[in-house]
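*Asks:* Here's a structure for you.
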Amino acid sequence: MPLGPHASASRQAFYESIAPLGLAPLWEVLHALVPPRPATAAQAALWRWQDVRPEVMRAGEIIGAAEAVRRVLILENPGLPGQSSITGTLYAGLQLILPGEIAPSHRHTQSALRLVLEGLGAYTAVDGERHPMTPGDFVITPSWTWHDHGNPGKEPVIWLDGLDIPLLRMLDLGFAENQAHPTDRPPEPTRPPGDALLRYGANMVPVADERAPTSAPLFVYPYARSRAAVFALARGTLPHPVHGFKMQYINPTTGGSAMPTMATYLQLLPKDFASAAYRCTDAAVFSVIEGRGSVEIGDEGAKRVLEFGEKDHFVVPSWQRFRLRAAAETVLFSFSDRPVQKALGLWRDALE
Ligand code: 1HN
């Protein structure tokens, strides 16, 4: 029992006497339990590509993808050490797959997203379809879908992984299974290349769908298409004062977020754009696809300015005031747990 502000020696003795009965005094913790505003332990943080890329490549020298199962360096929030978390509810990491390697097939209740950062020639397979990954491609692995990765190409390939691991840990509903297959031979695809995009990515959905629908049947959002969409949004209009030109990736069968637990966005900031100050209750992880700029995070007195460039990652914690500035035309990918907060009727934002 931590010694709270009201814990005189006699009170402390009382607390110790009730602890074996599974009892604890609310008044010592009440203010921490119901803070006037989110008091996250997560901190604003930046991972610079030039610092982390060499370490990701070094991981490739010390362990193989098959042995590691997933060879990933976790982007761990400095305020949440040892928790494999970038925010209170989300996990992020950088995954490397070298030429000739495979990462074996498995499935889990945690939903996953990938944003390809570097390299050509690797694929990710979801539900039996292989997608050849190109930088900027956004790929999802919805909850409980089988997935594996492979690199039959000639270049190392690195991508960002985002998962709802801490959220599911909080809910105690982690399940996982490994698919039986030789570790040197990936499972054979069961669907032709491009199938999901053709079926679900043409502003149409199949009537009387014979395939068992997953929670989100469209699993690939190729960068060329998403990029064209945000640039089209920018034509002939002024940027939104907070968001610039920002679009959400959707699940075509619901119109909602691509996955039920994580919202994902692509955002274009014109050169010299400076956003209005803004805060929202969903902490967000950003990946810089193109351009450079800065993000100012925190209130007066506790402000931090993080300068970002291509392939850098940064995190804006819950309810911290932030402003984005673009020194060049900039394209940002980001993700958060906003759909969960909205489903519970709890999400808030404020212009201030
Ligand atoms: C996972 O399945 C992948 O499939 C990446 O690439 C990272 C982190 C924790 C648990 C499962 C993947 C993961 C993961």
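*Asks:* About the Cα centre of the chain, what is the dipole size in debye to 20, counting +1 per Lys and Arg Cβ and -1 per Asp and Glu Cβ, all else neutral?
*Replies:* Once rounded to the nearest 20, the dipole reads 740 debye.
*Asks:* How much length is gained on full extension from residue 175 to residue 300, taking 0.36 nm per residue of separation minus their Cα-Cα distance?
*Replies:* 40.7 nm
*Asks:* What is the P(r) of the chain, as percent of Cα-Cα pairs per 20 Å bin from 0?
*Replies:* Pair shares across the bins are 28, 54, 17, 2.
*Asks:* A follow-up question, please. Neighbour counts of other C-beta atoms within 10 Å: give me 18, 289 arranged from fewest to most.
*Replies:* 18, 289
*Asks:* How would you order 127-135, 261-269 from highest to lowest mean count of nearby Cβ atoms within 10 Å?
*Replies:* The densest-packed peptide leads the list: 261-269, 127-135.
*Asks:* Right, here's the next one. Taking a spot 7 Å from the Cα of residue 350 along the direction of its beta carbon, which residues of region 26-42 have an amide N less than 15 Å from it?
*Replies:* Hits in region 26-42 for residue 350 at 15 Å: 35-40.
*Asks:* Let me ask something else. Pop a pseudo-label 7 angstrom from the Cα along the beta-carbon direction at both residue 59 and residue 208 and give the gap in nm to one decimal.
*Replies:* Once both label points are built, they end up 4.7 nm from each other.
*Asks:* Listed highest first by mean packing, meaning other Cβ atoms within 10 Å per residue, what order do 20-32, 84-96, 113-125, 196-208 come in?
*Replies:* 84-96, 113-125, 196-208, 20-32
*Asks:* Let me spell out the model: positive unit charges on the Cβ of Lys and Arg, negative unit charges on the Cβ of Asp and Glu, origin at the Cα centre of region 119-185. What dipole size does that give, in debye rounded to 20?
*Replies:* Value, rounded to 20: 160 debye.
*Asks:* Can you give the helix-only mean residue ellipticity at 222 nm for the chain, where every DSSP H stretch with n ≥ 4 adds -39500 (n - 2.57) and the sum goes over all residues, rounded to the nearest 500 deg cm²/dmol?
*Replies:* Computed ellipticity for the chain at 222 nm equals -5000 deg cm²/dmol.
*Asks:* Based only on the alpha carbon positions, what is the Kirkwood hydrodynamic radius of region 93-165, in angstrom?
*Replies:* This gives a value of 11.9 Å.
*Asks:* Rank these for me by crowding, 138, 175, 14, going from fewest to most other beta carbons within 10 Å.
*Replies:* 175, 14, 138
*Asks:* Calculate the FRET efficiency for residue 276 and residue 43 from the Cβ-Cβ distance with a Förster distance of 22 Å, rounded to the nearest 0.05.
*Replies:* 0.45
*Asks:* Would you mind calculating the gained length between residue 232 and residue 26 on full extension (0.36 nm times residue separation, minus the Cα-Cα distance), in nm to one decimal?
*Replies:* Working: separation 206, 0.36 × 206 = 74.16 nm, distance 5.44 nm.
Result: 68.7 nm gained on full extension.
*Asks:* Over region 1-140, what relative contact order in percent results from Cα pairs under 8 Å that are six or more residues apart?
*Replies:* Rounded, it is 15 percent for region 1-140.
Bear in mind that the values in this text are calculations on the coordinates, not laboratory data. Because the structure is predicted, anything quoted here is derived from the model rather than measured. Note that we place each Cβ from the backbone using ideal geometry, even for glycine, and neighbour counts take in every protein chain shown.
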